[in-house]
Amino acid sequence: MLSLLVLISEEKGGPYKASIPLSQATNPEADVLLAYEMNGETLNRDHGYPLRVVVPGVIGARSVKWLEDINIIEEECQGFFMQKDYKMFPPSVDWDNINWSTRRPQMDFPVQCAICSLEDVSTIKPGKVKISGYAASGGGRGIERVDVSVDGGKTWIEASRCQKSGVQYIADGFNSDKWAWVLFEVTADIRQSTEIVAKAIDSAANIQPEKVEDIWNLRGILNTSWHRVKVQASHSNL
Ligand SMILES: Nc1nc2c(c(=O)[nH]1)N[C@H]1C(S)=C(S)[C@@H](COP(=O)(O)O)O[C@H]1N2
Ligand SMILES: [Mo]
């Protein structure tokens, strides 16, 4: 295990810590970085200046910011956010019977997407409406496809990618988008008030669950159910 930690006391019981397997940290394909700049500019303080870890494809909690120390340790690190927070429990577990040590810390994140061009609830003029957003999946599983529905999930249209040139369509493991947010876009004809829905599918054919009820968990993490946005058609001339 490679432990990554900050010495400043940020949490109950000590510094913010995380660990990842040494094999991941040293695997060139895993692209684990120590970042001191982003897009050619010095990393800002909120994002971890002067130095932060970036563990691509893994939940943000393992990408320690304001990094001060790196150690090679035998066992998984015992920090609060590794052992007592970001873990997924089955629906039968509640705060009275929880036993944190029965689960592993969450590492890879599941496939997910969000519509960013519209808010819930948006007012639209009936006609062509642009629906765009991002999709991402964990563990280096690129995005295969994003489906969009403008009738609450009854029928679907495939969105297209709108990444800047140079990014290929299919996640083949070689191109640059296996860790990245994939930007999607679709234009649909919407005549009346409806619910717009988006769901993404990753390169392993994982699909987002339909409803949050299906993935309910005590800690409330990883709610990756279909993203829904209600739109209200306005027939006025304003
Ligand atoms: N030192 C330190 N690093 C940290 C955290 C923290 O509280 N302290 N939060 C983690 C969590 S839970 C997330 S989601 C990401 C958020 O990174 P961002 O602010 O760059 O989006 O930082 C991670 N790294
Ligand atoms: Mo987080």
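Per-structure values
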{"quantity": "Residue selected from the stretch 23-50 under the condition open to solvent by less than 60 Å² (accessible area, probe 1.4 Å) and touching a strand residue (DSSP E or B) at 6+ places or on another chain (Cβ under 6 Å), by the criterion farthest from ligand 1 (Cβ to nearest atom)", "calculated": "Ala25"}
{"quantity": "Among residues of the stretch 55-93, those that are within 16 Å of ligand 2 (Cβ to nearest atom) and either outside any loop (DSSP other than H, G, I, E, B) or open to solvent by 50 Å² or more (accessible area, probe 1.4 Å) (or both), counted", "calculated": "13"}
{"quantity": "Test for Ala135: is it within 16 Å of ligand 2 (Cβ to nearest atom) and either outside any strand (DSSP E or B) or crowded, with 16+ Cβ neighbours inside 10 Å (or both)", "calculated": "no"}
{"quantity": "Filter pass, Lys130 being assigned by TED's automatic domain parsing to the domain that holds Ile201 and either among the charged types (D, E, K, R) or free of Cβ contacts under 8 Å to residues at least 40 places away in the same chain (or both)", "calculated": "yes"}
{"quantity": "Filter result for Lys125 (open to solvent by 50 Å² or more (accessible area, probe 1.4 Å) and in the same structural domain as Thr194 (by TED's automatic domain parsing))", "calculated": "yes"}
{"quantity": "Residue match in the stretch 17-24 (condition: polar (S, T, N, Q), more than 27 Å from Gln112 (Cβ to Cβ) and away from ligand 2 (no atom under 16 Å from the Cβ))", "calculated": "no"}
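The values are calculated or read from the model by the stated rules, or taken from the named source; none is laboratory data. All values derive from a computational prediction rather than experimental measurement. Reconstructed Cβ throughout: ideal geometry from the backbone, glycine too, with neighbour counts over all protein chains shown. Just so you know, the surface numbers come from the protein's heavy atoms only, side chains and all, with ligands and any DNA or RNA stripped out. Shrake-Rupley method; radii C 1.70, N 1.55, O 1.52, S 1.80 Å.
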